[in-house]
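Every read-out reported here was derived from the displayed coordinates using simple, explicitly stated rules and does not represent laboratory data. Model, not experiment: these values are computed from the prediction. Virtual Cβ from ideal backbone geometry, glycine too; neighbours counted across all protein chains shown.
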Amino acid sequence: MLHIYCPHCAETREEEEFRPKGEAHIARPVEPEATSDEDWGNYLFFRKNPRGLHHELWYHAAGCRKFFNVTRDTVSYQIHETYKVGQKPSVTADKGAAK
Amino acid sequence: MQHYSGFGLVKHALTYHENWQRAWRNPTPKKKYDIVIVGGGGHGLATAYYLAKEHGITNVAVVEKGWLGGGNTARNTTIVRSNYLWDEAAWLYEHAMKLWEGLSQDLNYNVMYSQRGVMNLGHTLQDMRDIHRRVNANRLNGIDGEVLDVKQIQEIVPIMDLSKNTRYPVMGASWQPRGGVARHDAVAWGFARGADALGVDMLQQTEVTGIRKNGNKVVGVETNRGFIAADTVGVVTAGNSGVLAKMAGFQLPIESHPLQALVSEPMKPILDTVVMSNKVHGYVSQSDKGDLVIGAGIDGYNGYGQRGSYATIEHTLQAIVEMFPIFSRVRMNRQWGGIVDTCPDACPIISATPVGGLFFNCGWGTGGFKATPGSGNVFAATLAAGKAHPLAAPFSIDRFISGKLIDEHGAAGVAH
């Protein structure tokens, strides 16, 4: 059972209140008409799926019903940080997990 | 290869079973193979077996980082069926089903394939419409299927709660009598033994650390036991496919998730078929050993940790107890998680890749076990010819660019 800190509620709650929604920071193509099939395919289906640090979108379904981002390790499942949509992660794979 | 038979068993009893041959060799890696298969699970071993048997290519190595059949092959709930909705998927899984039916004889190894029937329950009107549609589609494809009403279900599974008192009363079911369960380890061991006898090298505890390319053409794999050259490399690594693709320098439309399962304490025979429910989401069968084998859906988050969350197990068992109140006091013995590579359309990828000579067979998601012989068979043909087998062609990675998906979400009863 993961314990997840919701940055909107400013509280740590149990995993069952939340729904994982996959990789975060995926930008929709700005000009849909001018976007190639390949770029549409990448946008819709191709994901990083890293073994290690993963930035992902979560939804506080049984709480505030808002979306936010989580930086989580996909092997240890440790959550390094949670942050609001629009913000940048402070823990990244290049920088390593900050203590 | 030492032939297994009833007579052999008696003969070896005379020497206290001390003279059995090892089922496969433990060779040192050669410098170069014609084909290297990465991943020694059921699908990889089946690929090696059919390469040697049907295509005469025996200079083949199976490279496995752990031991043979130690990944998802040993972690699944062993259900075999072929009642998929769409033609492409139905043909592929039915191809596998036909191989299952003669597999024990073919391999001279008892894979204990038991055609005890697979039942997919419907709990809502929409479930029943989907079931009718799927059964009709199956029958048009020559796959056995029937729609059962509640009375017929009760005759087959007397212990199921089919009253109106449940939260989601059962309204009917689809029934595939040829479906069933098989002994998962035996499948891996049988294929390994068969492939070994035909000259394939099983390289265990050999981890691929990189894929070496010359320009845009694969020339071999880097391993912890040194470089192994090969003009053709087939990757069959289930949950770790994304990691291997990254080594080769491209991305897959795959996400890895934990899928959990449980077995109970062994009991006397009580359930002689496979019961699956998509709506309340759980499935259960009883193994020959007597324990209930139970599973459900994946954990929603990405994970490589071979474990999942407790909440998922709780939901699974709620569903099982809803269907079978008689099981409410059964104790669970073991619980585990495997890593499944899920595709956006819940169908596998059997495909060439942007790298020449490199092929992937992955994305089987939660239901790869049932396809083991078929997957190996068509992937072997693909590797041997250097282009997709007709049954594998629709499962090209290109479908995620062209949009020609084979959407099996829910259509096949979802639960695997």
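Couplings 3J(HN,Hα) of the stretch B:90-102, computed from phi: 4, 5, 5, 6, 6, 4, 5, 4, 5, 5, 3, 5, x Hz, in residue order, whole Hz [Karplus 6.51 cos²θ - 1.76 cosθ + 1.60, θ = phi - 60°; x for Gly and Pro]. Longest segment of chain B with no chymotrypsin sites (Phe, Trp or Tyr not before Pro) in a DSSP loop having at most 13 other Cβ atoms within 10 Å? In short, B:68-416. Here the 3J(HN,Hα) profile of the stretch B:378-386, calculated from phi with Karplus coefficients 6.51, -1.76 and 1.60 at θ = phi - 60°, is 6, 6, 4, 5, 5, 5, 5, 8, x Hz, Gly and Pro shown as x. For A:K21, which lysines qualify as cross-link partners when the Cα separation must be under 30 Å and same-chain residues fewer than eight apart are set aside? Cross-link targets: A:K48, A:K66, A:K84, A:K88, A:K95, A:K99, B:K246, B:K279, B:K370, B:K404. Values of log10 I(q)/I(0) for the protein assembly as shown across q = 0.08, 0.09, 0.10, 0.12 Å⁻¹ run -0.53, -0.67, -0.83, -1.19, by the Debye formula with one identical scatterer at each alpha carbon and no solvent. For the stretch B:11-152, the tally of Lys pairs with Cα-Cα distances below 29 Å comes to 9, considering only residues 8 or more apart or on different chains. Of the trypsin sites (Lys or Arg not before Pro) in the stretch B:318-416, the ones in a loop by DSSP (not H, G, I, E or B) with at most 15 other beta carbons within 10 Å are B:R329, B:R331, B:K387, B:K404.
With a 10 Å Cβ neighbour count serving as the proxy for reagent exposure, in which order, fewest first, do B:I159, B:I350 appear?
On the way: B:I159 14, B:I350 29.
Fewest-to-most Cβ neighbours within 10 Å comes out as B:I159, B:I350.
Each residue of the stretch B:226-238 was assigned a 3J(HN,Hα) from its phi angle through the Karplus expression (A = 6.51, B = -1.76, C = 1.60, θ = phi - 60°), giving x, 7, 10, 7, 6, 7, 10, 10, x, 9, 9, 10, 6 Hz with x at Gly and Pro. Among the trypsin sites (Lys or Arg not before Pro) in the stretch A:54-93, those located in a DSSP loop and surrounded by at most 11 other Cβ atoms within 10 Å of their own Cβ are A:R65. Distant-in-sequence amide contacts of B:D144, defined by a placed amide H-H separation under 5 Å and a gap of 5 or more residues or a different chain, comprise nothing.
Summarised as an ellipsoid, chain A has semi-axes of 26, 17, 12 Å, derived from the eigenvalues of the Cα gyration tensor scaled by 5 and square-rooted, with the largest first. Close amide H pairs (under 5 Å, H built 1.01 Å from N) link B:G172 with B:G122, residues at least 5 positions away or on another chain. In loop segments of the stretch B:216-279 as defined by DSSP, the trypsin sites (Lys or Arg not before Pro) with at most 15 further C-beta atoms inside 10 Å of their C-beta are B:R225. All other residues whose Cβ lies under 15 angstrom from that of B:L140 are scored, Lys and Arg at +1 and Asp and Glu at -1, for a net of -2.
Averaged over its residues, how many other protein chain Cβ atoms are within 10 Å of peptide B:293-303's Cβ atoms?
On the way: counts 0, 0, 0, 0, 0, 0, 4, 7, 14, 13, 9.
Mean shielding count: 4.
Can you tell me what share of the DSSP beta bridges in chain B is antiparallel? A percent to the nearest 5 is fine. Walk me through the intermediate numbers first.
On the way: 47 of 68 bridges.
In chain B, DSSP labels about 70 percent of beta bridges as antiparallel.
For chain B, the square roots a ≥ b ≥ c of the C-alpha gyration tensor eigenvalues yield an a/c of 1.5 or more together with a/b exceeding b/c, which makes the shape prolate. Using a Gaussian network model of chain B whose springs link C-alpha atoms within less than 10 Å, name the residue from B:A311, B:A352, B:A89 with the highest mean-square fluctuation. Result: B:A311 has the largest fluctuation of those listed. Convex hull volume per residue, computed on the Cα atoms of the stretch B:164-294, equals 200 Å³.
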